[in-house]
1. Kindly establish whether ASN293 is in contact with a Gly (Cβ under 9 Å, 6 or more places away or on another chain), polar (S, T, N, Q) and over 22 Å from THR536 (Cα atoms).
2. Among (1) in contact with a Pro (Cβ under 9 Å, 6 or more places away or on another chain); (2) surrounded by 15 or more Cβ atoms within 10 Å (Cβ to Cβ); (3) not acidic (Asp, Glu), there is one condition ALA507 misses while meeting the rest; what is its number?
3. Out of contact with any Phe, Trp or Tyr (no Cβ under 6 Å at 6 or more places or on another chain) and under 22 Å from TYR53 (Cα atoms): does that describe ARG240?
4. Name the residue that is modelled with the highest pLDDT, counting only residues in the stretch 336-394 that are of a type in the set (D, E, K, R) and closer than 19 Å to ASN73 by Cα.
5. Could you please find all residues in the stretch 393-403 being buried (at least 23 other Cβ atoms within 10 Å of the Cβ) and of a type in the set (Asp, Glu)?
6. Among the listed residues SER331, SER311, which satisfies the condition of being buried (at least 24 other Cβ atoms within 10 Å of the Cβ) and in the same structural domain as ARG390 (by TED's automatic domain parsing)?
Amino acid sequence: MHTSSLTAAQTPAQPPAVSEEYTSLILRSQYRPFRYDERYFEQVVNSQYSILYIPISDNLYAVNQIGYSGVPNLFTFISTTSLERSGILMVQTQPFLNLKGSGVLVGFLDSGIDYTHPAFRKPDGTTRILGIWDQTDQSGRPPEGLSYGTEYTEAQINEALRSPDPLHIVPERDDDGHGTAAAGIACGTPDPGQDFTGAAPESSLLFVRLKPAKQYLLDYLLIPQGATAFQEDDLMLGVRYLMDTALRLQMPLVICITLGTNQGGHTGNTPLEEVLTAALSLAGTYVVAGTGNEVGMAHHFYGKLNAANESLDAELLVGEGTGGFAVEFWSDPLEFYSIGFVSPLGETIQPQYDGLISYRRFTFPLENTTIYVYYSTLEMQSGRQVAMIRFLDPTPGLWRLRIVNRSFVNGGFHLWLPITGLAPEGLSFVSPNPDTTLVTPSCAEPLISVSNYDAYNNTLYLRSGRGYTANGILKPDFASPGVSLTAPRPDGSYAYGSFTGSSAASALAAGSAALLAQWGMRYYPGRLLSAVELKTLFLRGAVRTNTNVYPNREWGYGTMNVYGVLQNLTR
């Protein structure tokens with residue numbers, strides 16, 4: 001992994017990654033669209049990717065200027081007796097196994113962590129957190145090779161915990177609570193009085209507090225005011241920090257992903273997914289991601305045409321007061337489509353098709369709506385046709401997106417609205433499809449992708465994201481408990497609360513992965529399991545019923561059972 005930091009002739013007063021005066025371009029290392037000058041700053045992610053920070057005055061931030069994959073996607077939280085059901089307590093307490101995650105790092109990319117909470121301390125009161133990279137804090141030294149934020153070490157955190165005013169020494173907090181809850185479910189120290197334990201209570205923690213997305217990108221993607229959003233490039237660099245630290249400490253690493261987006265083609269090759277996939281090539285690295293909570297939110301449409309020149313209308317409801325939104329269209333690589341529009345007042349834009357790449361602006365004489373459409377018939381990452389459609393000041397009511405096939409192979413296409421939390425209220429498809437509602441980055445095949453079920457009644461969580469991916473990869477891999485899990489709260493009370501959603505399910509599975517990684521190191525001969533081996537162990541141990549055919553779109557290969565994994569190996 002590269003360790004070079006920002007390079008430029010002159011360094012600005014505020015890091016470009018943080019400054020609203022710079023835009024971010026995700027750049028494949030072998031692809032150089034233009035010559036750099038001294039006003040551009042490059043930050044290396046790995047051998048595949050770099051982030052290029054460009055002065056906003058250069059006006060390089062839109063898909064028609066830098067290509068679809070160059071614009072960072074926006075991610076948000078995938079959240080809204082499980083330990084027993086998943087076999088975790090058995091492997092923790094069974095004398096021969098006694099697996100609690102010792103010697104394994106679990107890394108998080110999230111809203112922050114309340115490091116003072118007892119859930120993240122050892123019995124002697126010292127911290128179990130080996131490092132925190134706070135991207136929002138520019139007061140201290142960033143991690144080696146990175147250009148922004150502040151890194152807090154284990155020694156600094158312990159110094160803060162000994163102080164009567166810990167936040168004066170390490171001003172790290174979690175105003176949202178999402179990161180604290182996820183880390184607690186995965187790794188929390190047992191608290192018998194609260195009937196609480198994390199899945200891997202003796203593992204070590206590593207944390208990246210993500211900075212909020214920049215305003216230019218929120219404006220460009222028409223995200224509602226007040227929404228919580230994080231940039232893809234910050235997640236990519238967060239993965240680099242987790243990897244660099246694990247390599248330095250010579251420890252196996254489980255990366256827990258509790259964020260998601262509906263952007264991308266849902267085929268597993270967005271820049272973040274490729275960075276996570278590349279990380280898995282290093283022995284002892286594992287990635288767990290949740291499939292999200294998008295079922296029932298009416299944010300996915302699937303259309304099927306039967307011949308060339310056939311058309312189909314995708315109907316879209318837009319609520320009152322919607323300032324704007326973006327919708328993405330994706331087709332298979334060998335097909336081409338034209339897209340037109342019919343407004344609530346009946347004004348019509350005929351389906352347009354302008355060749356390899358085009359960018360069009362459409363207005364409606366009787367309405368205040370403007371639609372911007374970016375087409376690419378050969379998206380760089382996937383080879384698929386993509387159209388990013390941005391509605392500005394849309395008229396409330398029923399809109400029709402008229403899709404016409406121009407080159408027929410199988411006639412299938414997908415449309416996705418923004419993920420819940422980044423979509424305006426009242427925005428939905430009239431005839432949504434509940435399948436292929438799993439979020440990015442859970443679409444990447446090598447990752448462990450988990451759906452969410454209620455372990456109390458053994459039913460799938462109502463909104464749990466479903467597979468398969470848009471290119472037919474079998475996802476999810478299995479279902480993990482994620483309903484009403486006990487988790488620490490970051491409100492200073494050192495209390496615990498209930499946590500439900502895909503984030504909870506992925507956190508529990510990540511802690512379980514740490515248990516299996518520990519088992520692999522103890523197994524004779526002890527070694528680091530590969531990502532494929534660890535994933536296969538999960539699949540072999542999954543519980544399957546006689547009422548389902550496996551794998552399937554909801555449960556994958558069954559429900560997680562860590563003890564069942566090890567039972568299977570000894571039969």
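The values are calculated or read from the model by the stated rules, or taken from the named source; none is laboratory data. Treat the numbers as computed from the prediction; the structure is a model and nothing was measured. We place every Cβ from the backbone using ideal geometry, glycine too, and count neighbours over all the protein chains shown.
1. yes
2. Unmet for ALA507, out of (1) in contact with a Pro (Cβ under 9 Å, 6 or more places away or on another chain); (2) surrounded by 15 or more Cβ atoms within 10 Å (Cβ to Cβ); (3) not acidic (Asp, Glu): (1).
3. On the way: out of contact with any Phe, Trp or Tyr (no Cβ under 6 Å at 6 or more places or on another chain): yes; under 22 Å from TYR53 (Cα atoms): yes.
Yes: the conditions hold for ARG240.
4. We begin by selecting, within the stretch 336-394, every residue of a type in the set (D, E, K, R); these are 347, 354, 360-361, 367, 379, 384, 390, 393.
Now restrict to residues that are closer than 19 Å to ASN73 by Cα: 379, 384, 390.
Details: GLU379: 81, ARG384: 89, ARG390: 98.
By that ranking, first place goes to ARG390.
5. Answer for the stretch 393-403, where residues must be buried (at least 23 other Cβ atoms within 10 Å of the Cβ) and of a type in the set (Asp, Glu): there is none.
6. Working: SER311 fails: buried (at least 24 other Cβ atoms within 10 Å of the Cβ).
Testing whether each residue is buried (at least 24 other Cβ atoms within 10 Å of the Cβ) and in the same structural domain as ARG390 (by TED's automatic domain parsing) leaves just SER331.
Residue-by-condition table, conditions (1) under 22 Å from ILE129 (Cα atoms); (2) of a type in the set (Phe, Trp, Tyr):
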site	(1), (2)
TYR241	yes, yes
LEU247	yes, no
PRO252	yes, no
ILE257	yes, no
THR270	no, no
GLU274	no, no
ALA278	no, no
LEU282	no, no
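Residue-wise test of (1) hydroxyl-bearing (Ser, Thr, Tyr); (2) at pLDDT 95 or above; (3) under 20 Å from the mean Cα position of the chain (by Cα).
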residue	(1), (2), (3)
GLN194	no, no, no
GLU202	no, yes, no
ARG240	no, yes, yes
ILE257	no, yes, yes
THR261	yes, yes, yes
